[in-house]
Amino acid sequence: MSAPSGRSLTERGAASTLSQLAAAQSGGPAAISRLRTRIRQDRNVSAGYLGLGFAVLGGLLMVRGLASLAWSWSDGPLRWLSLLAWGLLLVTFVAAVVAAKRSGGIIPSRISGLIIWVGVLAIALDLSGFAVHDEATPFYPTATIGFGACLMACLPLQPLRRSVVGALCLAVTGGAAVLAGYVSDPSGLSPGVTGILLGLTPVVAGISMIGASDHFLGQKIDRAVTESLVTAPPLGHGMGAVSELRRLDGDAEHLLALVSELPVDQPIDDATAARAEVLSDDLRLALVADHEQTWLQIAVSESERLSRTVTVVDPGALAGGLEPARRRNLLALTWLCASTATAPVLELVFSQTEAPDAPPRTTVVFSLTDTRRRGIDPAVWPLFARLGRHTIDVAADRARVSVDLT
């Protein structure tokens, strides 16, 4: 996506999320759709200010772990292994931050895997530092805190699934280390559990916070995509269909260029002919499927959430004839009825009836299912009244609202 200044989204990785969203809204549905795709791919939305904030929090947690190491230090013969573990963790922490900065605010997957392996190794080394145990060497593992600090710094710089895997590895290896220490020294159970909690709790809290913020922001972007279509032409093509046709058109031009370079008296080889046959079939299917859709059908199909929960039946393209005010109310009702669901729960059916000596009558029927478990948002009823005259039929597990749009 290009901003007015011509810079790409990657080049503006430090820009705030709100400024990116505002710039995308000014570019229309296509620009917002590209922003949504970019966020889904590499979480650039969290790579700016959140990355700096979580790096600072991870650094503070690292300092807390080093303080615990200094406080619990003893002269055991293998305690140098704990120092080695912390040295690995410090190098990994710095390497993760530097790698994210050089990669546009995103930690590469291979670096994420390396961080997890180093964290597990550090916990094992720290545990080995207490292998030779005596009264002067109390069991007090601290590498779990450093591992948690590394994961904390990486939270907004990589997909959450990687952070969840890292948190699970921290919990499992840390728990195993505490259990092994408890077998040799029951008095070390309390400091061991404290170390796990200090390392794991901030990571879990950060995962929950980023997951919630991403869900909220994703819904805002989805709504921005759909609301930008309120003033769009009545009929059009979805972004997916346009992209597929553009790709096929490029493949066709490339194939024609190859054929034009062949000598006139030389027949087309079998491989080129087979490729042309496959391309013609793909193009035919795309043209058949690429019929024009109403603005509402495009809005539902382009929304990541509505596409999973809403079905629009409008063979006569009646939604295209609605004025912007009614479009806005209809779209708001659609979001209120279905945005919190995870399965298809709303069906919108448009129909038109004709009577003698009367103008055609257009209606839309909202069919809601699974209402017993989800309930109905009370805010929908005033919007139905603003959309038009309506009748309501509510049963135990469904609701049906028919609205007159004439």
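The values are calculated or read from the model by the stated rules, or taken from the named source; none is laboratory data. Only a predicted model underlies this, so the values are computations on that prediction, with no experimental measurement involved. Glycine also receives a Cβ, built like all others from the backbone with ideal geometry; neighbour counts cover every protein chain displayed. Each accessible area value is taken on the protein alone, full model and side chains, heavy atoms only, with ligands, DNA and RNA left out. Shrake-Rupley method; radii C 1.70, N 1.55, O 1.52, S 1.80 Å.
Considered as a group, the residues in the range 159-182 that are of a type outside the set (A, V, I, L, M) and open to solvent by 10 Å² or more (accessible area, probe 1.4 Å) include one that is nearest to residue 139 (Cα to Cα), and that residue is 182. For the range 377-390, the condition of being part of a loop (DSSP other than H, G, I, E, B), out of contact with any Ser or Thr (no Cβ under 9 Å at 6 or more places or on another chain) and over 25 Å from residue 222 (Cα atoms) holds for none of the residues.
Annotation note: Cβ proximity below 9 Å between a residue of the range 352-365 that is in the same structural domain as residue 313 (by the TED database) and a residue that is modelled with pLDDT under 75 and among the polar types (S, T, N, Q) (sequence gap 6+ or interchain) occurs for no pair.
Only one entry of 320, 316 meets the criterion of being over 30 Å from residue 215 (Cβ atoms), buried (at least 20 other Cβ atoms within 10 Å of the Cβ) and either at pLDDT 80 or above or among the hydroxyl-bearing types (Ser, Thr, Tyr) (or both), and that entry is 320.
Can you name the residue in the range 395-406 that is surrounded by 12 or more Cβ atoms within 10 Å (Cβ to Cβ) and of a type in the set (A, V, I, L, M, F, W, C) and, of all such residues, is farthest from residue 347 (Cα to Cα)? Among those residues, the one meeting the criterion is 405. Looking at the structure I just gave you, is residue 110 open to solvent by 10 Å² or more (accessible area, probe 1.4 Å), in a helix (DSSP H, G or I), at pLDDT below 90 and in the same structural domain as residue 177 (by the TED database)? In short, yes.
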